[in-house]
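The values are calculated or read from the model by the stated rules, or taken from the named source; none is laboratory data. Predicted model, so just to flag it, every value in this text is computed and none were measured. When we count neighbours, we look across all protein chains shown, and the Cβ atoms used for this are built from the backbone with ideal geometry, even at glycine. Heavy atoms of the whole protein, side chains included, go into the accessibility calculation; ligands, DNA and RNA do not. Shrake-Rupley method; radii C 1.70, N 1.55, O 1.52, S 1.80 Å.
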Amino acid sequence: MTSRERVLAAIEHRNSGRIPFTVAPHTSLAVHGQKLLDLLCRYPNDFFDARQLKITQMEDLRKRQDFTDKWGCRWHTENILVTGAITEHPLADWNSFASYKIPEVPKVTPEQIETAKKTGEKYPVWAGIEQFFQVMQNVRGSEQLFMDFYIQPEEFQKLIDRMLNEYHLPALEEQLKLKPDIIGFGDDWGTQKQLLINPILWRQFFKPVYKKLIEVCHQGGAKMFFHTCGYTMEILEELISVGMDIVNPQMPIMDAGKYGETARNRITVLPDLNRQDILLNGTPAEVEKHIIEMYDKLGTPAGGLIGYCPIEPQCPLENVESMLRTISVYEKTLIKTV
């Protein structure tokens, strides 16, 4: 079974033996260098060939300290190892809306299509589109946008419509030319305790957006992957109802047993780990225990679970190895009732 076959079997709830897994080095290669790269090659993941990764240089990260993105948002970064903050929002004033230009959709090249074809011989072909709600916050400013739900809902809806029709749907159609297995997408929707907005507002404004994107994605033959940080238990049923295939939640702040009961046989979970504490401050044995306890509550013997190794720059390499070793051999053998 190739890695691509194993991943698709997990998503489609067909028994694949051990679970497939992926890794996210973030900016950690710039800190740990060859030692981390050697670890990633020692425990090959199912989404890409780690041998083709390049060690990020600090000088390259410093070039991104101050820049303007394609949406017109001005960014500044104090710590080059983390995402910075926006210092200028192009739609801070709604009077700019009529003249605001949605960025051009990147075109897929023949070279990218050929690369995707070769990737699919072993690994799942992954494509992606930009976040939606997060981009709205970026261009408008979070404080103003949260007030817009109540004060200027018509303008709020106009921004949604323009982004969906002028950028996200065309971008999705373009990415589908790669014939991907998975389209990556995401929005952070929760605080550490609850949803960022009333679930009623989420259903009114954003459920139709996701439903449309998923419909087009499925029509193009791809699965939809959705990353979302924060406490999002309130919208798990909603994500299932609109046809989301894979969800990447911030699992440690939610009840994994309850989450697993809702998700089981209905959506595949690619759970984040406790990288705020255990991965950084725990022992390798505690990292292993954390992963097994969480994974045993998610998925089924037939699938529905994909492993995820998030590697922060501050994470000790012995904990990185414990995470990689544990997930790379994890095999779901029975359903445990919590």
- Complete set of residues in region 171-199 that are closer than 18 Å to Val125 by Cα and assigned to a strand (DSSP E or B): Ile182, Ile183, Gly184, Phe185, Gly186
- Query: Take the residues of region 80-117 that are charged (D, E, K, R) and in a loop (DSSP other than H, G, I, E, B): which is farthest from Leu61 (Cα to Cα)?
  - Reply: Asp93
- Item | Residue satisfying all of: in region 1-39; on the phi > 0 side of the Ramachandran plot and either in contact (Cβ under 8 Å) with a residue 24 or more places away in the chain or not in a loop (DSSP other than H, G, I, E, B) (or both); surrounded by the fewest Cβ atoms within 10 Å (Cβ to Cβ) among these | Gly17
- Residues that are without any contact (Cβ under 8 Å) to a residue 60 or more places away in the chain, closer than 28 Å to Ser28 by Cα and either hydrophobic (A, V, I, L, M, F, W, C) or in contact with a Lys or Arg (Cβ under 6 Å, 6 or more places away or on another chain) (or both), drawn from region 259-295: Val269, Leu273, Ile278, Leu279, Leu280, Ala285, Val287, Ile291, Ile292, Met294
- Message: So, Phe97, is that one in contact with a Cys (Cβ under 9 Å, 6 or more places away or on another chain) and among the hydrophobic types (A, V, I, L, M, F, W, C) or not?
- Response: no
- Query: Given the conditions (1) more than 20 Å from Phe132 (Cα to Cα); (2) hydrophobic (A, V, I, L, M, F, W, C); (3) in contact with a strand residue (DSSP E or B) (Cβ under 9 Å, 6 or more places away or on another chain), and given that Val287 satisfies all but one, which numbered condition is not satisfied?
  - Reply: (3)
- Task: Can you give me the number of residues within region 200-232 that are in contact with a helix residue (DSSP H, G or I) (Cβ under 7 Å, 6 or more places away or on another chain) and either under 20 Å from Phe48 (Cβ atoms) or exposed (fewer than 15 other Cβ atoms within 10 Å of the Cβ) (or both)?
- Result: 5
- Item | Odd one out for Trp126 among (1) in contact (Cβ under 8 Å) with a residue 40 or more places away in the chain; (2) surrounded by fewer than 19 Cβ atoms within 10 Å (Cβ to Cβ) | (2)
- Query: Considering only helices (runs of 4 or more DSSP H) fully contained in region 271-338, which possess at least 2 residues that are open to solvent by less than 10 Å² (accessible area, probe 1.4 Å) and in contact with a helix residue (DSSP H, G or I) (Cβ under 9 Å, 6 or more places away or on another chain)?
  - Reply: 284-295, 317-329
- So how many residues does region 55-73 have that are buried (at least 16 other Cβ atoms within 10 Å of the Cβ) and either in a strand (DSSP E or B) or free of Cβ contacts under 8 Å to residues at least 24 places away in the same chain (or both)? 0
- Can you spot a residue in region 251-269 that is under 19 Å from Pro20 (Cβ atoms), open to solvent by 40 Å² or more (accessible area, probe 1.4 Å), polar (S, T, N, Q) and assigned to a loop (DSSP other than H, G, I, E, B)? yes
- Residue under evaluation Val329, criteria (1) within 17 Å of Phe21 (Cα to Cα); (2) modelled with pLDDT of 95 or more; (3) hydrophobic (A, V, I, L, M, F, W, C), criterion not met: (2)
- Message: If Gln137 meets every condition in (1) loosely packed, with under 14 Cβ neighbours inside 10 Å; (2) free of Cβ contacts under 8 Å to residues at least 24 places away in the same chain; (3) within 22 Å of the chain's Cα centre (by Cα) apart from one, which number is that one?
- Response: (1)
- Query: Which of the residues that make up region 96-112 are of a type in the set (A, V, I, L, M, F, W, C) and either under 18 Å from Asp69 (Cβ atoms) or open to solvent by 70 Å² or more (accessible area, probe 1.4 Å) (or both)?
  - Reply: Ala98, Ile102, Val105
- Which condition number does Gly120 fail, the rest of (1) closer than 25 Å to Ser241 by Cα; (2) touching a helix residue (DSSP H, G or I) at 6+ places or on another chain (Cβ under 9 Å); (3) in contact (Cβ under 8 Å) with a residue 24 or more places away in the chain being met? (1)
